[in-house]
Amino acid sequence: MARDNAGNESESSNTISVTTKKLKYCKSKGKNAAYEWIDYVRFGGMKNKTKSDGGYGNFTNKVANVERGTTNTIVISAEFRSLSYLEYWKVWIDFNQDGTFSDSEEVV
C-alpha cells in the first residue's frame, strides 16, 4: 500500500503517466540551393549527411544529446556546385523548449 501526505491509501505502482506538449516553431525555408548548401552536420552524437534539397530539408527526426553548460563541438560543412564561398554559421538551441529561439540560446 502507498500513502500520500493527506493520508490517502492506494495500491502502489511503478507506472507514471506524463503528457508533453507539441512545440510549434515558425516555418523554416531556404532561398536558393542552386550554388551552395549544407552537406554535413555532426553534433551531440548525431550525424547528418545531405545533398542539395532545394533550400530546406526537414531533419527534425535527428536528435543530438547535449546538456546546457557543457562544451560540445558542432561540425558544419558546405558543398558547392562550382566555386566555393566563405561561409558564416550561427546556431540556436531551444534549451528551455518554449518553442522560440531567444538571443540567450544562441550558440557561437
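The values are calculated or read from the model by the stated rules, or taken from the named source; none is laboratory data. Note that the coordinates shown come from a computational prediction; the quantities given were computed from them, not determined experimentally. In this analysis, Cβ positions are derived from the backbone assuming ideal geometry, glycine residues included, and neighbour counts consider all displayed protein chains.
A few remarks follow.
- Residue check for ASN96: farther than 18 Å from ASP39 by Cβ, of a type outside the set (A, V, I, L, M, F, W, C) and touching a Gly at 6+ places or on another chain (Cβ under 9 Å): no
- Every pair of residues 6+ apart whose Cβ atoms lie under 8 Å, when the first sits in region 79-97 and is among the polar types (S, T, N, Q) while the second is at pLDDT below 80: ASN96/GLU105; GLN97/LEU23
- Subset of region 48-58 [surrounded by fewer than 12 Cβ atoms within 10 Å (Cβ to Cβ) and either on the phi < 0 side of the Ramachandran plot or among the aromatic types (Phe, Trp, Tyr) (or both)]: LYS49, LYS51, ASN58
- Meets criteria (closer than 19 Å to TRP92 by Cα, of a type outside the set (A, V, I, L, M) and surrounded by 13 or more Cβ atoms within 10 Å (Cβ to Cβ)) for TYR25: no
- The one condition in (1) at positive phi; (2) surrounded by 11 or more Cβ atoms within 10 Å (Cβ to Cβ); (3) of a type outside the set (Asp, Glu) that GLY69 fails to fulfil: (2)
- Residue that is modelled with the lowest pLDDT, among those in region 1-34 that are aliphatic (A, V, I, L, M) and assigned to a loop (DSSP other than H, G, I, E, B): VAL18
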